[in-house]
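This report concerns only the one structure given below.
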Amino acid sequence: SQTIHQWPATLVQPVGSPLSLECTVEGTSNPNLYWYRQAAGRGLQLLFYSVGIGQISSEVPQNLSASRPQDRQFILSSKKLLLSDSGFYLCAWSVRGLGFGGYTFGSGTRLTVV
Amino acid sequence: GENVEQHPSTLSVQEGDSAVIKCTYSDSASNYFPWYKQELGKRPQLIIDIRSNVGEKKDQRIAVTLNKTAKHFSLHITETQPEDSAVYFCAANRAGSQGNLIFGKGTKLSVKP
């Protein structure tokens, strides 16, 4: 069966520090991968998605970047965090090219920038 | 651009009552509509979905209806229980985009015992 791992679960970082969040998927090949951010009590904002190694699409301009160095690994990064980067970050995967089929989300990383 | 609107943003019901959440979508090419439930501090989880070739789908106390002509779909929860309390998100796929989903802004459902 497929599983998705995301870490760390919680993170407190000072303003201006770098960030690296990692997500890996097991039990499937060639998945679509996604990074979402959720502010407290708010909806799901799509940050990045990837349909293959090295292929990254950005939905909104921001202080963040994403990379996909391996088929089942998706990394979210920042060189210098801002206070506004605080939130709940969710990685998700779906079957590539199916057009339908739900997302499976990771357990999330709660990031607090202080 | 494509959009999914979800109403209401908050919903409070008594235990045992029914709850209905409604969504409208703008992309007429959308053909897949999932619903997610997110409990406090946890990840969203798929609870039911419907494809455009079906008008209604049921799974125990949960049902989803789809009106393609009007471009709206709804989640119905019957005999609500306190454990149904959560934030519910509807979504529609963005046709031609590798299946990317567009999410509604969520409905916070509170079921009072």
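Derivation of every value follows stated rules applied to the coordinates shown; laboratory data play no part. The shown structure was predicted, so the numbers you read here are calculated from the model rather than taken from an experiment. FYI the Cβ positions are ideal-geometry reconstructions off the backbone, even for glycines, and counts take in every protein chain you see.
Summed over the range A:24-36, residues that are within 11 Å of the chain's Cα centre (by Cα) and either within 12 Å of chain B (Cβ to nearest Cβ) or over 22 Å from A:SER84 (Cβ atoms) (or both) total 4. Exactly one residue out of A:GLY108, A:GLY87, A:GLY43 is touching a Lys or Arg at 6+ places or on another chain (Cβ under 8 Å), touching a residue at least 24 places away in the same chain (Cβ under 8 Å), within 30 Å of B:HIS7 (Cα to Cα) and within 12 Å of chain B (Cβ to nearest Cβ), and it is A:GLY108. Do we find that B:LYS68 is more than 12 Å from every other protein chain (Cβ to nearest Cβ) and without any contact (Cβ under 8 Å) to a residue 40 or more places away in the chain in this structure? Considered against the rule, which asks whether it is more than 12 Å from every other protein chain (Cβ to nearest Cβ) and without any contact (Cβ under 8 Å) to a residue 40 or more places away in the chain, B:LYS68 comes out as yes.
In the range B:28-65, of all residues being in a loop (DSSP other than H, G, I, E, B), more than 12 Å from every other protein chain (Cβ to nearest Cβ) and of a type in the set (S, T, N, Q), the one that is surrounded by the fewest Cβ atoms within 10 Å (Cβ to Cβ) corresponds to B:GLN60. Looking only at residues in the range B:1-47 that are of a type in the set (A, V, I, L, M, F, W, C) and under 20 Å from B:PRO82 (Cβ atoms), the one that is nearest to the chain's Cα centre (by Cα) is B:TRP35.
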